[in-house]
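The values are calculated or read from the model by the stated rules, or taken from the named source; none is laboratory data. Since this is a predicted model, take the numbers as computed values, not measurements. Cβ placement follows ideal geometry from the backbone for every residue including glycine, while neighbour counts extend to all protein chains displayed.
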Amino acid sequence: MVSTGPTGGPVVGTRVVHRRYVPYSHAHYAGNLVDGAYSLALFGDVATEMCIRTDGDEGLFASYSDVQFKAPVRAGDVLEVVCELVRAGNRSRVLELAVHVVARGAATEERPGAAEVLEPPLVATTATGTVVVPG
């Protein structure tokens, strides 16, 4: 269902949330670190769902601004990816995006599969993105 306001346009404040486990196959660096491009790909996923929900079309990413890598993302993390529509033009949509680490592996010799929920979640990556949809 397309989320539209009283004038038929997209509703500012609409949010999309995805959760994703980061597999160990995505670790590229020491300490099981994952590259920043992983977060950007997740932003693309939530932005696509946002465009489908607000405009009935997958849309296209036009640009990112103010991308900030605030904390590491590691293999074994559980991520929450949040997208909020903050401005809607005729064809453009401005989105605020964030990746939060909500759980993280905490393996030890005695407990190799140990993990813990992070309270509060750790903000790993933020950005502002602009997508365009057909007019």
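Side notes on the structure shown:
A quick yes/no check of all residues on (1) in contact with a Pro (Cβ under 9 Å, 6 or more places away or on another chain); (2) within 20 Å of G9 (Cβ to Cβ); (3) at pLDDT 95 or above:
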| position | (1), (2), (3) |
| --- | --- |
| S25 | no, no, no |
| A30 | no, no, no |
| F43 | no, no, yes |
| I52 | no, yes, yes |
| G59 | yes, yes, yes |
| A62 | no, yes, yes |
| K70 | no, no, yes |
| L85 | yes, yes, yes |
| L118 | no, no, yes |
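Each row is one residue, and each column tells you yes or no for (1) within 25 Å of M50 (Cα to Cα); (2) under 15 Å from the mean Cα position of the chain (by Cα).
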{"position": "L85", "(1), (2)": "yes, yes"}
{"position": "R93", "(1), (2)": "yes, no"}
{"position": "H100", "(1), (2)": "yes, yes"}
{"position": "R111", "(1), (2)": "no, no"}
{"position": "V133", "(1), (2)": "yes, no"}
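- Scanning the stretch 14-43 for residues that are buried (at least 17 other Cβ atoms within 10 Å of the Cβ) and either in contact with a Ser or Thr (Cβ under 9 Å, 6 or more places away or on another chain) or closer than 28 Å to P134 by Cα (or both) yields a total of 7.
- Hits in the stretch 87-114 - residues which are loosely packed, with under 14 Cβ neighbours inside 10 Å, out of contact with any Ser or Thr (no Cβ under 7 Å at 6 or more places or on another chain) and not charged (D, E, K, R): G89, N90, A106, A107, T108, P112, G113
- Unmet criterion (only one of (1) within 17 Å of V11 (Cα to Cα); (2) surrounded by 14 or more Cβ atoms within 10 Å (Cβ to Cβ); (3) among the basic types (K, R)) for R74: (1)
- Breaking point among (1) closer than 29 Å to G9 by Cβ; (2) modelled with pLDDT of 95 or more; (3) not in a strand (DSSP E or B), for P134: (2)
- Condition met for V22 (out of contact with any Asp or Glu (no Cβ under 9 Å at 6 or more places or on another chain) and under 15 Å from A124 (Cβ atoms)): no
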